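Every number here is computed from the coordinates shown, using simple stated rules; none is lab data. Remember, it's a predicted structure, so these values are computed and weren't measured experimentally. Virtual Cβ from ideal backbone geometry, glycine too; neighbours counted across all protein chains shown.
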Amino acid sequence: MPRRAVPGGQMSFVDEGAGTPVVLVHGTPSSSREWRHVTADLARDHRVLAPDHLGFGDSTRPVDWRVYSFGWHTANLRAWLEQLALPRLHLVVHDVGGPVALPLALEAPERLLSLTIVQSWLWDLGAGAMLDNPVMRWLYLSAGFSARAMVRLAWGRRTPLTRELHQEFTSQFPDRAARAGTWGFARSVAREGAMLEEHERHLSKLAAVPLLLVWGKADRVVPPAHLERWKKHFPAAQVTALDDVGHFPQIEAPVDVSAALRRRFASSTSRPASPTAS
């Protein structure tokens with residue numbers, strides 16, 4: 001995988017296909033690999049780019065979890081995008097990929113051909129007391145709680161979470177040092193809700209961006225109540241809701257996700273640029 005230097009280290013990324021750019025931003029506990037099925041389909045006629053957040057995949061993995069924050073991840077993603085100098089693009093975010101990438105969308109909505117939100121949010125999840133304590137820090141760092149337990153809790157019913165499939169998650173975080181990024185995201189969820197809600201107050205900046213909401217309704221971690229919150233912000237958004245799918249629709253139901261993305265792209269690629277676009 002290619003890599004680019006960003007403020008926090010080296011960011012690795014998938015870069016496949018040719019054509020209109022599509023940027024896929026992953027969640028936790030995962031990597032760009034969570035998009036592999038969608039990438040294989042879209043790369044037939046798009047340029048698909050999927051970065052690994054620092055602390056994940058093949059990117060640099062700082063072992064000091066105190067460096068991790070949503071703002072730090074956003075700065076690294078911004079630097080990566082600036083180096084690539086992409087033209088207007090389709091942006092797809094999953095899970096914590098939303099808090100990381102959506103602030104960039106708010107900075108320059110005119111650069112988006114479309115925006116797709118998958119099991120994500122831009123507000124306080126109210127999980128501070130539950131997450132921000134020494135017991136949870138031990139569970140995340142020493143016991144691999146995010147990949148071992150949270151994936152099981154969030155999984156749906158359509159595609160069984162086999163031992164081999166679950167191993168794809170746990171093998172990415174084999175020891176305490178490798179798990180710093182997962183705890184960093186959990187700590188950000190616990191501590192940075194006020195910052196996210198400040199971003200939420202500016203979501204009207206995205207009103208002209210063609211929007212798709214993809215939601216696994218069997219997700220017990222980011223449940224459908226958050227889909228309803230997005231729909232209140234964007235009542236005209238296209239919605240693909242999957243009753244028997246959990247937190248990872250792009251793995252659990254990749255055909256449905258790819259089809260929904262293609263429908264959204266087809267109806268938005270010709271969207272005229274904003275007069276403020278540079």
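Between the residues Gly98, Thr20, Val38, the greatest Cα displacement towards the positive end of the dipole of the stretch 1-127, with unit charges on the Cβ of Lys, Arg, Asp and Glu, is found for Thr20.
If the viscosity is 0.890 mPa s and the temperature 25 °C, what Stokes-Einstein diffusion coefficient in µm²/s follows for the stretch 114-248 when Rh is the Kirkwood radius over Cα pairs? After rounding, the answer is 151 µm²/s. Peptides 125-138, 160-173, 238-251, ordered by how many other C-beta atoms sit within 10 Å of their residues on average, highest first, read 238-251, 160-173, 125-138.
Can you compute the charge dipole magnitude of the chain about its Cα centre, using +1 on each Lys and Arg Cβ and -1 on each Asp and Glu Cβ, nothing else charged? Give it in debye, rounded to the nearest 20. Mind showing how you got there, number by number?
On the way: 32 positive and 27 negative charges, 16 e Å.
Taking the Cα centre of the chain as origin, the dipole is about 80 debye.
Multiply the residue gap between Arg137 and Asp244 by 0.36 nm, knock off their C-alpha separation, and tell me the result in nm, one decimal place. The partial results should precede the final answer.
On the way: separation 107, 0.36 × 107 = 38.52 nm, distance 3.11 nm.
Gain on extension, Arg137 to Asp244, equals 35.4 nm.
Other residues whose C-beta falls under 14 angstrom from the C-beta of Thr162 contribute a net charge of +1, scoring Lys and Arg +1 and Asp and Glu -1. Taking each DSSP H run with n ≥ 4 as -39500 (n - 2.57) and averaging over every residue of the chain yields -10500 deg cm²/dmol at 222 nm.
Counting other C-beta atoms within 10 Å, which of Glu197, Glu110, Glu34 has the fewest, and how do the rest follow? It would help to have the intermediate numbers written out before the result.
On the way: Glu197 12, Glu110 16, Glu34 26.
Lowest count first: Glu197, Glu110, Glu34.
Counting other Cβ atoms within 10 Å as a rough exposure proxy, the listed residues Met11, Met1, Met150, Met195 run Met1, Met195, Met150, Met11 from fewest neighbours to most.
Based on the alpha-carbon gyration tensor of the stretch 1-121, what equivalent-ellipsoid semi-axes (square roots of 5 times the eigenvalues) come out, in whole Å, largest first? Present the calculation step by step, with values, prior to reporting the outcome.
Values: eigenvalues 85, 49, 38 Å².
Computed over the stretch 1-121, the values are 21, 16, 14 Å.
Taking Cα centre as origin and charging only the Cβ of basic (Lys, Arg, +1) and acidic (Asp, Glu, -1) residues, the dipole magnitude of the stretch 45-137 rounds to 80 debye.
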